[in-house]
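Shown next, in structure tokens, is the structure this report addresses.
Please treat every number below as a calculation from the coordinates, not as lab data. Bear in mind the structure is a predicted one, so any value in this text is a computation, not a measurement. Counting neighbours? That spans all protein chains shown, and the Cβs are built from the backbone with ideal geometry, glycine included.
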Amino acid sequence: MEALSPASLAAADAARKIREGLLTSEELVAACLERIRATERSVQAWTFLDEAHALAQARAADERKRSGEPIGAL
């Protein structure tokens, strides 16, 4: 059975997996970006998307979590 992509998780489920250490913010954002690239041609939801910034923010959130800083509800 194929594992569910992190991009398919509800926000609350993704947040729980991140809190529990089962998923990183970077993994979640990377999966979402992959999904956007796969569907954007037909969906046309984005006028601007800064993938590098999104990944940098995810890495920063992961670093805050590793250092013990509170990461918030979502």
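Tabulated data
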item: Backbone HN-Hα couplings from phi across region 67-73 [Karplus 6.51/-1.76/1.60, Hz, Gly and Pro as x]; result: 7, x, 5, x, 10, x, 5
item: Dipole-positive endmost among ALA54, ALA31, ALA10 within region 7-65 (Cβ charges, Cα centre); result: ALA10
item: Relative contact order [Cα under 8 Å, 6+ residues apart], the chain, whole percent; result: 35
item: Value of [θ]222 nm, deg cm²/dmol, for the chain, DSSP H segments ≥ 4, -39500 (n - 2.57) each, nearest 500; result: -19500 deg cm²/dmol
item: FRET efficiency for GLU51 and LYS17, using Cβ-Cβ distance with R0 set to 25 Å, rounded to 0.05; result: 0.70
item: Degrees, to the nearest 10: 25-43 long Cα axis against longest axis of the chain; result: 10
item: Structure-derived Cα extents along the principal axes in Å: which label, when the choices are (i) 40, 33, 17; (ii) 43, 29, 20; (iii) 45, 19, 16; result: (i)
item: On Cα atoms only, tilt of 51-66 relative to the major axis of the chain in degrees; result: 20
